[in-house]
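Step one of this worksheet: look at the structure below.
Computed from the coordinates by the stated procedures, all read-outs in this text should not be read as laboratory data. Since the structure is predicted, the reported quantities are computational estimates derived from the model, not experimental observations. All Cβ positions, glycine included, derive from the backbone under ideal geometry; neighbour counts span all protein chains shown.
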Amino acid sequence: MKVVYTEEALRNLDDINDYIRRNYPTISEAFRLRLQFVVARIAKWPESAQKVVDQPGVRVVPLVRYPYKMFYRASNHTIEILYIHHSAREA
């Protein structure tokens, strides 16, 4: 499936990457690889993640090992990454 990112998701990623590079530079590459792995997984199995109860059609997947959750929507042949939030924040 094709994966696209909303503007909000791209801003979230920029902010997260900046934060990690500034504060935890040794995990920057590991975080990038985890993100790629999770995106590949949902592209292959879009229905594998948990549904978000109050947001119809939206699913959430944790970035295991890192305190972030990725919210996305699957339709036809496209995965739309909506936003990525720190687990401690309200979604």
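Quick notes
- Applying both filters, DSSP loop and at most 12 other Cβ atoms within 10 Å, to the GluC sites (Glu not before Pro) of segment 19-91 gives GLU47, GLU90.
- Model label points for GLU47 and ALA30, set 7 angstrom from Cα along the Cα-to-Cβ axis, are 3.5 nm apart.
- For VAL58, residues with placed amide H under 5 Å, excluding near neighbours: VAL52
- In the chain, the DSSP-assigned H stretches of four residues or longer account for a calculated mean residue ellipticity at 222 nm of -12500 deg cm²/dmol, using -39500 (n - 2.57) per stretch and the full residue count as denominator.
- If you run the Gaussian network model on the chain, springs between alpha carbon atoms under 10 Å, then out of VAL61, VAL53, VAL39 the most flexible one is VAL53.
- Against the chain, whose longest principal axis comes from its Cα atoms, helix 7-23 is set at around 30 degrees.
- Cα-based helix-to-principal-axis angle, 28-44 vs the chain, degrees rounded to 10: 10
- Highest to lowest packing among 71-78, 14-21, scored as the average C-beta count within 10 Å: 71-78, 14-21
- Based on C-alpha pairs under 8 angstrom that are at least 6 apart in sequence, the chain has a relative contact order of 34 percent.
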